[in-house]
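K.L.:
Quick one: the structure is below, and I'll ask about it shortly.
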Amino acid sequence: MEGLLALAVQTLARNAAARARATARRATLLAVAGLCLLLALGFLTAAGWTALALWQGSLRASLIFAGGFLLLALLVWLIARRRPRPPATTSSEIEALQAQAQALLAQAPDVVARYPALPLLVAFLGGLAAAIRLRR
């Protein structure tokens with residue numbers, strides 16, 4: 001019984017680690033987008049205005065630099081919103097999980113004999129083993 005619980009916890013922990021990595025990546029990209037936005041404000045008020053004011057006038061110079069960096073911030077923000085791909089499971093990992101699940105399922109009759117209320121758990125674990133096989 002403890003082996004079945006350990007298998008379930010191991011599977012959930014792997015998914016949680018992948019989600020944590022994805023969240024950290026998203027936070028980093030959003031911070032980069034914020035930095036780009038700050039740069040947009042800096043260039044808007046200083047160098048951009050000075051360089052383009054002589055050529056296009058003060059109003060157009062301000063609008064050109066503001067629009068360019070806002071587009072850059074939007075691009076980084078869109079990249080941060082993209083959903084990451086789920087981690088790839090190798091065939092050796094699948095085979096190891098399948099063998100572990102099969103070994104645990106072989107113990108199921110003894111567990112059911114000792115704890116008659118657990119056939120539902122055994123059915124769930126059988127479905128888990130089938131799902132692991134189908135993921136190949």
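The values are calculated or read from the model by the stated rules, or taken from the named source; none is laboratory data. Predicted model only: the values in this text are computed from it and were never measured. A quick note on method: Cβ atoms are made from the backbone with ideal geometry, for glycine too, and the neighbour counts reach across all protein chains shown.
K.L.:
Only one of Leu105, Leu44, Leu7 is in the same structural domain as Arg133 (by TED's automatic domain parsing) and modelled with pLDDT under 80. Can you tell me which?
P.N.:
Working: Leu44 fails: in the same structural domain as Arg133 (by TED's automatic domain parsing); Leu7 fails: in the same structural domain as Arg133 (by TED's automatic domain parsing).
Selected residue: Leu105, the only one of Leu105, Leu44, Leu7 that is in the same structural domain as Arg133 (by TED's automatic domain parsing) and modelled with pLDDT under 80.
K.L.:
Filter the stretch 22-38 down to the residues that are under 12 Å from the mean Cα position of the chain (by Cα) and free of Cβ contacts under 8 Å to residues at least 40 places away in the same chain, then identify the one that is farthest from Pro84 (Cα to Cα).
P.N.:
Ala27
K.L.:
Looking only at residues in the stretch 72-97 that are part of a helix (DSSP H, G or I) and of a type in the set (D, E, K, R), which one is farthest from the chain's Cα centre (by Cα)?
P.N.:
Ranking the candidates gives Glu95 first.
K.L.:
Quick check on the stretch 59-74. Is at least one of its residues closer than 30 Å to Leu134 by Cβ and either in the same structural domain as Gly127 (by TED's automatic domain parsing) or among the hydrophobic types (A, V, I, L, M, F, W, C) (or both)?
P.N.:
no
K.L.:
Please determine whether any residue of the stretch 84-101 is closer than 30 Å to Arg135 by Cβ, small (Gly, Ala, Ser), assigned by TED's automatic domain parsing to the domain that holds Leu134 and in contact (Cβ under 8 Å) with a residue 60 or more places away in the chain.
P.N.:
Within the stretch 84-101, one or more residues are closer than 30 Å to Arg135 by Cβ, small (Gly, Ala, Ser), assigned by TED's automatic domain parsing to the domain that holds Leu134 and in contact (Cβ under 8 Å) with a residue 60 or more places away in the chain.
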